Amino acid sequence: MTEELLRLSKRMSELGLCSRREADEWIARGWVRVDGKVVSELGSKVTPSQRVTVERQAAAEQSKRVTVLINKPVGYVSGQAEDGYTPAVALIKAENRWAEDRSPEQFHPTQLRSLVAAGRLDIDSVGLLVLTQDGRVAKQLIGHDTDIDKEYLVRVSYTKGGTLPDSELKKLNHGLWLDGKPLLPAKVRWQNEDQLSFTLREGKKRQIRRMCEAVGLKVLGLKRVRIGKVKLGDLPTGQWRYLSADEQF
């Protein structure tokens with residue numbers, strides 16, 4: 001049986017070496033070897049049993065890539081600038097760095113190059129947003145097979161009078177559909193009388209707001225407080241810090 005051929009960049013991404021975009025850069029620079037031979041042609045294909053290795057320069061370049069955590073305020077978009085709204089990356093400047101950041105990393109404007117949001121946070125939501133130059137971090141957080149959960153605190157009011165019935169709370173945990181597909185099970189529980197904690201493994205567009213609407217809840221405020229093992233903690237609104245070397249999502 002012949003082995004299927006895969007694009008080298010796709011295979012490198014599957015192996016967790018880097019993102020596809022990085023792979024193409026490294027291939028073009030002659031930093032990638034297949035079974036010990038340098039492969040520098042973009043679009044080259046390999047079989048899954050072939051051994052893919054990268055030169056030391058690639059690892060060195062990757063270790064210089066930074067990942068930044070920001071407490072995004074309302075009114076900023078998480079990704080590209082759109083419709084006159086400012087992207088969150090505009091807040092990454094020396095004067096907005098959290099005074100209590102433990103990281104020894106020095107801020108330099110070159111770190112803003114190719115710093116992309118790993119996951120969305122709506123313009124009217126606040127809290128933890130990750131911006132990274134590291135393709136491995138992005139893939140870990142937003143790859144289609146990610147198993148990293150995210151936790152949100154959501155202030156709500158029930159629009160149907162009285163309080164939300166337990167049966168509707170159960171539905172939020174499991175049983176709702178969006179866009180014709182069932183949602184993965186979530187963990188939703190009351191934090192206090194007007195605030196729910198949502199823990200999700202997926203992030204469809206405006207998912208929490210739409211889930212709440214489906215059971216008659218109006219969202220008054222939404223804050224992301226955790227991504228995997230990394231917590232927002234005491235990071236003040238509009239300020240940022242580096243992901244430190246000992247932190248893992």
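Tabulated results
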{"read-out": "Cross-chain or 6+ apart pairs with Cβ under 7 Å, segment 194-219 first and without any contact (Cβ under 8 Å) to a residue 24 or more places away in the chain and within 19 Å of G143 (Cβ to Cβ), then open to solvent by 30 Å² or more (accessible area, probe 1.4 Å) and not small (G, A, S)", "value": "E202/L184"}
{"read-out": "Selection status of I123, within 13 Å of the chain's Cα centre (by Cα), at pLDDT 90 or above, surrounded by fewer than 19 Cβ atoms within 10 Å (Cβ to Cβ) and assigned to a loop (DSSP other than H, G, I, E, B)", "value": "no"}
{"read-out": "Tabulated pairs, segment 106-135, first under 21 Å from P236 (Cα atoms), second part of a loop (DSSP other than H, G, I, E, B) and of a type in the set (D, E, K, R), C-beta under 7 angstrom, 6+ apart or interchain", "value": "D122/R206"}
{"read-out": "Scan of segment 134-143 for residues that are open to solvent by 30 Å² or more (accessible area, probe 1.4 Å) and either more than 30 Å from Q191 (Cβ to Cβ) or of a type in the set (A, V, I, L, M) (or both), ordered by number", "value": "R136, K139, I142"}
{"read-out": "Looking only at segment 196-227, and only at residues there that are open to solvent by 40 Å² or more (accessible area, probe 1.4 Å) and of a type outside the set (K, R), the one that is nearest to V74 (Cα to Cα)", "value": "L220"}
{"read-out": "Residues being over 30 Å from P165 (Cα atoms) and open to solvent by less than 20 Å² (accessible area, probe 1.4 Å) - total across segment 228-243", "value": "6"}
{"read-out": "Strands (runs of 3 or more DSSP E) within segment 1-96 that include 1 or more residues open to solvent by 60 Å² or more (accessible area, probe 1.4 Å)", "value": "32-34"}
{"read-out": "Residue among S114, S167 that alone is of a type in the set (S, T, Y), open to solvent by 20 Å² or more (accessible area, probe 1.4 Å) and assigned to a helix (DSSP H, G or I)", "value": "S167"}
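The values are calculated or read from the model by the stated rules, or taken from the named source; none is laboratory data. As the structure is a prediction and not an experimental result, all values here were calculated from the model. Cβ coordinates were reconstructed from backbone atoms using ideal geometry, including for glycine residues, and neighbour counts include every protein chain displayed. Please note that ligands, DNA and RNA were not included when accessible areas were found on the heavy atoms of the full protein model with its side chains. Shrake-Rupley method; radii C 1.70, N 1.55, O 1.52, S 1.80 Å.
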